[in-house]
Structures are given as structure tokens and as C-alpha cells.
1. Exactly one of these conditions fails for TYR5: (1) loosely packed, with under 13 Cβ neighbours inside 10 Å; (2) modelled with pLDDT under 65. Give me its number.
2. Contact list please: Cβ distance under 6 Å, first residue in region 70-82 and within 16 Å of THR40 (Cβ to Cβ), second residue assigned to a loop (DSSP other than H, G, I, E, B), pairs at least six apart or on different chains.
3. Tally up the residues in region 33-50 that are away from the ligand (no atom under 11 Å from the Cβ) and within 18 Å of ARG79 (Cα to Cα), please.
4. Tally the residues that are under 23 Å from THR22 (Cα atoms) and in contact with a helix residue (DSSP H, G or I) (Cβ under 9 Å, 6 or more places away or on another chain), restricting the search to region 37-66.
Amino acid sequence: MSENYKVLIDLFPENTEDEFDTEALPTVWEEKDAFNALMTKASEDMIKLTSVIEDADDIRGTLKQFMWSNCKACHSRYREEH
Ligand code: HEC
């Protein structure tokens, strides 16, 4: 899954915002550095998650901390409301 994120960064190249039917907000391109930073953090946390999840007492909480919080952090800023 972590590799997917690196691929994902390449899915939002410069100046393609009008070419695809996307739910990504224009701010993805306007704040590209911030967006990529969030994507990189999500990727790194995912790697951490794979190493901590086996010993985690609180699987729900650990997933929330290392995965969902990153999804949410990015979606709430850069993804269109449904
Ligand atoms: C760095 C930003 C970022 C992170 C982190 C992120 N997303 Fe997203 N996600 C987006 C954006 C932007 C879109 C809208 C893209 C589009 O529709 O083209 C999206 C769309 C989606 C969609 C809809 C896809 C579709 O084809 O309609 C799903 C499902 C999704 N994300 C799941 C997740 C999950 C699960 C995580 C965490 C494990 C996650 N995302 C983390 C930015 C992010």
C-alpha cells in the first residue's frame, strides 16, 4: 500500500487539473508541496503501521492513528465533498 502512495504522487502532475474528471480540489495543485507532504507522511505512517500493528493492544486505535487520521487529514482539505 505504501508503494501505491508514491505512485499516487505521480498521478497528480503539474497542470493536469483540467484534463481529468477528478474529485481532487484545485488546491491539490496550488498547494502541491503541502499535498505531497501529506502523501509522504501517509506513506511513512503506513510503513510504521505494518511494524507496530502485530504487537498493538488496541488495533482500532492504532489503525486510526497511523492510517485513518492521514486519510482524513488529506480528504478533508483536498477532496471534494460527496
Ligand atoms: C495526500 C492526500 C490523500 C491521502 C493521504 C489519502 N487520500 Fe484518498 N483521495 C485524495 C484525493 C485528492 C482524492 C480525490 C481524487 C480523485 O477523485 O481523483 C481521494 C479519493 C479517494 C477515494 C475515492 C476514489 C475514487 O476513485 O473515487 C478513496 C476510496 C480514498 N481516497 C481512500 C483513501 C484512504 C483509505 C486513505 C488512507 C489510507 C486515503 N484515501 C488517503 C487524497 C488523499
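1. With (1) loosely packed, with under 13 Cβ neighbours inside 10 Å; (2) modelled with pLDDT under 65 applied to TYR5, the lone miss is (1).
2. So the pair list comes out as TYR78/LEU25.
3. 1
4. Here the count works out to 6.
The values are calculated or read from the model by the stated rules, or taken from the named source; none is laboratory data. Treat the numbers as computed from the prediction; the structure is a model and nothing was measured. Positions of Cβ are generated from backbone atoms using ideal geometry, with glycine treated the same way; all protein chains shown enter the neighbour counts.
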